[in-house]
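Read through the structure below, which is laid out as structure tokens, and then see the notes.
Rule-based calculations on the coordinates, nothing more; no lab input. The model shown is predicted, which means the values in this text are computed figures rather than measured ones. Here the Cβ positions follow ideal geometry from the backbone for every residue, glycine too, while neighbour counts run over all protein chains shown.
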């Protein structure tokens, strides 16, 4: 994008901001019994689920507010607002994003809880992706399998279950190596078997309480959680992988900085080969059980891919989807 275009976009955004300040009264979204004020932040969150970047989602949310004000509509029903959003997206982003928005709204009306399982080896970005997916789906309950392992460690002693008290890539220390062909993988399997008991308990409770939840961690491994047996919920498993070894390795350096040394880079660097081997094992199981493997190259693309998995699992793939959509960059600016 050239500087002239950037300047024009900035000018348009400033104009929108000034318009926001001139809103004479609050816009109320109502159903039959309740009313809530229109929130650009909440609307932007809903739009991000379509795959729009956060900044563009907020611009669209602001445009929707401006149109309501220009039309003098300070009270609007939920269904009417959704129809307006659809047409604004259709005009400014194209049919692809407009249809995705409609599909996401349909997701709100499903009659079973949505349970997303995000797995993959250490350091591929599971926690970040799971948190983002939960946020965009409006799911407030995110469970890390490492937390489940910590709870189990407090109850089950190291003498009783030694593999539980090691990192996933160090659990091989707890197996009898003289009887095992591949101590690394067998140690990992032993730990996964134990933690899977807690994962199943979380899934069972979510189903009983009708609660949506995202569960993420290295212990989410294909074949250890029998997802087809859960008929009263939409259980969507997916595996995250990083094909590029250098990119994967860089994640650990960033993790050290973010945790101020609590998760040191050198420890992961020393065990990087083991971490990659565990990743290959998980990915092979995913292919065996026909579970989606999402290759992570950029965060936004990976999150969008994960959201698409949820959408297609619950609603089925879109029929005759129009792939044409206005680019986020190559578009007409707000009028």
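Report note on the peptides 267-273, 235-241: ranked by the mean count of other C-beta atoms within 10 Å, highest first, their order is 235-241, 267-273. Calculate the FRET efficiency for residue 229 and residue 141 from the Cβ-Cβ distance with a Förster distance of 22 Å, rounded to the nearest 0.05. For R0 = 22 Å, the calculated efficiency reads 0.55.
Taking label positions 7 Å along the Cα-Cβ direction at both residue 173 and residue 79, the computed distance is 6.2 nm, reported to one decimal. When Rg and the Kirkwood radius Rh are both evaluated on Cα atoms of segment 25-180, their ratio Rg/Rh stands at 1.19.
Pull out a ≥ b ≥ c, the square roots of the eigenvalues of the alpha-carbon gyration tensor of segment 115-252, then state rounded if a/c is under 1.5, prolate if not and a/b is larger than b/c, and oblate in the remaining case. Oblate.
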